[in-house]
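Asker: Got a structure here, written out as structure tokens. Questions coming.
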Amino acid sequence: MANNPINVRLLKTTILTQASKKIADLADPAINKQFDLKKEKFLEEFDRHLVTEELNRASDDPTASSYFLPAGNGNLFSFLGFNQGKKPALVLREHLNDKIKPDPNKKSRKTTIKNDQMIVTSRVLIPTLTEVNDAMAKESPLQWSPGRSWTEHLSRGITGFGQFVANLFKSPKPSRSGGGIQHPGKDKQLSGSIGKIRYVDELLARFKELIGK
């Protein structure tokens, strides 16, 4: 009786294919754990970002110094014109924490077999910069710029620094932030502007790179 040789690799592939769904289900806890660790690292980077730090400090202390404006000329919080006590960076953090998550749709999960091994990949939902900007325009609006968010202004750069005077005014019209006011005159204006600041886009790009590893 002739022996029929067994194609071991084909046999392994067949078994793995048939068991792929069960194996993928078993892999979910490990995938979620890795996602949680990477998301935690993303949020830590968010908290350490210079824009985040400056907005948080200036929210409590309108006279706080700036990483982005010349010394003595205020900070991003007062320059953007937030009402004193507002927490724009916290609003942004909560939004990102809510929107960045694993795709709950099981159909987005993929299994591939390579070199007798099964690789399980799961989709992660990450908002685009446009989506974040739209959300911040609603959740953390600027009174002087309806419809456009502060995150968008930072990513595009801000002009008009020439009409910004950093000071704690005790005038009948104090600033919203407590750290600055638009100067109405033409003779004693400061000059300059804030160039493009990579913030949300930079953080999301790093997170996408981290997720891909």
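Asker: Quick test for you: out of S122, S140, pick the one residue that is surrounded by 13 or more Cβ atoms within 10 Å (Cβ to Cβ), among the polar types (S, T, N, Q) and within 21 Å of K208 (Cα to Cα).
Answerer: S122
Asker: Next question, about the same structure. Looking at this structure, is S145 at pLDDT 90 or above and either surrounded by fewer than 20 Cβ atoms within 10 Å (Cβ to Cβ) or among the small types (G, A, S) (or both)?
Answerer: no
Asker: Would you confirm, using the coordinates I've provided, whether G72 is of a type in the set (G, A, S), out of contact with any helix residue (DSSP H, G or I) (no Cβ under 6 Å at 6 or more places or on another chain), surrounded by 13 or more Cβ atoms within 10 Å (Cβ to Cβ) and modelled with pLDDT under 90?
Answerer: In short, no.
Asker: Next up: Given V124, V132, which one is modelled with pLDDT of 75 or more, of a type in the set (A, V, I, L, M) and more than 22 Å from L55 (Cβ to Cβ)? Walk me through how you get there before you give the answer.
Answerer: Values: V132 fails: more than 22 Å from L55 (Cβ to Cβ).
Within the list V124, V132, the selection yields V124.
Asker: Can I ask one more? Looking at (1) at pLDDT 90 or above; (2) among the small types (G, A, S); (3) assigned to a helix (DSSP H, G or I), can you tell me which one S78 breaks?
Answerer: (1)
Asker: Something else: Tell me yes or no: at least one residue of region 47-60 is in contact with a strand residue (DSSP E or B) (Cβ under 9 Å, 6 or more places away or on another chain) and assigned to a helix (DSSP H, G or I).
Answerer: The answer is no; no qualifying residue exists.
Asker: Another question about this same structure. Looking at region 81-100 only, could you name the residues that are at pLDDT below 95 and either out of contact with any Lys or Arg (no Cβ under 6 Å at 6 or more places or on another chain) or surrounded by 17 or more Cβ atoms within 10 Å (Cβ to Cβ) (or both)?
Answerer: Applying the first criterion (at pLDDT below 95) to region 81-100 yields 81-86.
Result: G81, F82, Q84, G85, K86.
Asker: In region 125-137, which residues are surrounded by fewer than 19 Cβ atoms within 10 Å (Cβ to Cβ) and small (G, A, S)?
Answerer: Going through region 125-137, the residues surrounded by fewer than 19 Cβ atoms within 10 Å (Cβ to Cβ) turn out to be 125-131, 134, 137.
Once the filter is applied, which keeps residues that are surrounded by fewer than 19 Cβ atoms within 10 Å (Cβ to Cβ) and small (G, A, S), region 125-137 yields only A137.
The values are calculated or read from the model by the stated rules, or taken from the named source; none is laboratory data. Computed from a predicted model, the values in this text were never measured in an experiment. Quick reminder, even Gly has a Cβ in these numbers, built from the backbone with ideal geometry, and neighbours come from all protein chains shown.
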